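Comments concern the structure below.
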Amino acid sequence: MENVRCAWCNLNNPLYVRYHDEEWGMPCHEEAKLFELLLLEPFQAGLSWETILNKRENFRIAFDGFDPERIQNYDEAQIQALLQNPSIIRNRRKIEAAIVNARIFRAIQAEWGSFDRYIWHFTDGEIVYETDQTHSALSDEISADLKKRGMKFIGTTVIYAYLQAIGVIYAHEKGCFLYTEGKKGR
């Protein structure tokens, strides 16, 4: 018998099913993965995550393996090259945001010792369990802090999706084979 999954998971897309089953909602503490998802989430704004996921490997190639050290130094020539790349989302504001956000990500790493320490401190390292939301007091707080630091395209809805992706917020739906109850949101 096939496992029942969250309603948003397109069962006809094996890549999306694998993402749902093996990645989404799993606590992430790897700096490289935390940055990758932080770079990709703003590109989702106005689009579906499935669209971004389907292009993730293209983004990885176009954005130097999601290396924040390299991305933070992109110049206009690199922006133009990205704008000409049909295999990614070619939105100037989102591309420029990725560059700015790489700089802020590196600054947070320098300040906190790791981005992981920074992002998980908001919940004292605890996972928040909640479903059927697109933002919360937690995503409001983190979004405001990141914006204050200078990040772009990082509103509360984008941050909420990011927190779900990295497992700070565990949001598998009731009925999903991965659903579990735990400490509710703040």
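The values are calculated or read from the model by the stated rules, or taken from the named source; none is laboratory data. None of the values given here were measured: they were computed from a predicted structure. Ligands, DNA and RNA are stripped out before the accessible areas are found, and what is left, the full protein with its side chains, is counted by its heavy atoms. Shrake-Rupley method; radii C 1.70, N 1.55, O 1.52, S 1.80 Å.
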- Query: In terms of modelled amide H atoms, which long-range or inter-chain residues lie less than 5 Å from the amide H of Y170?
  - Reply: V128, Y129, E130
- Leaving out ligands and nucleic acids, note down the accessible area per residue over the chain with a 1.4 angstrom probe, in whole Å². 48 Å²
- Task: Please give the solvent-accessible surface of S87 in Å², to the nearest 10, using a probe radius of 1.4 Å with every protein chain present.
- Result: 40 Å²
- Message: Keeping all protein chains in place and using 1.4 angstrom, which order do D145, D140 fall into by accessible surface area, from largest down?
- Response: D140, D145
- Measure nothing but the geometry: give the 0 to 90° angle between the long axis through the Cα atoms of 92-112 and the longest principal axis through the Cα atoms of the chain, rounded to 10°. 80 degrees
- Note on the structure: Expressed in angstrom and rounded, the centroid-to-centroid distance over alpha carbons for segment 64-92 and segment 135-171 is 23 Å
- Query: Which pairs, out of K33/K148; K148/K174; K33/K174; K152/K174, put more than 30 Å between their alpha-carbon atoms?
  - Reply: K148/K174; K152/K174
- Leaving out ligands, DNA and RNA, what percent of the accessible area of segment 35-186 is carbon and sulfur, probe 1.4 Å? 49 percent
- Accessible heavy-atom area order of Y160, Y179, highest first, probe of 1.4 Å: Y179, Y160
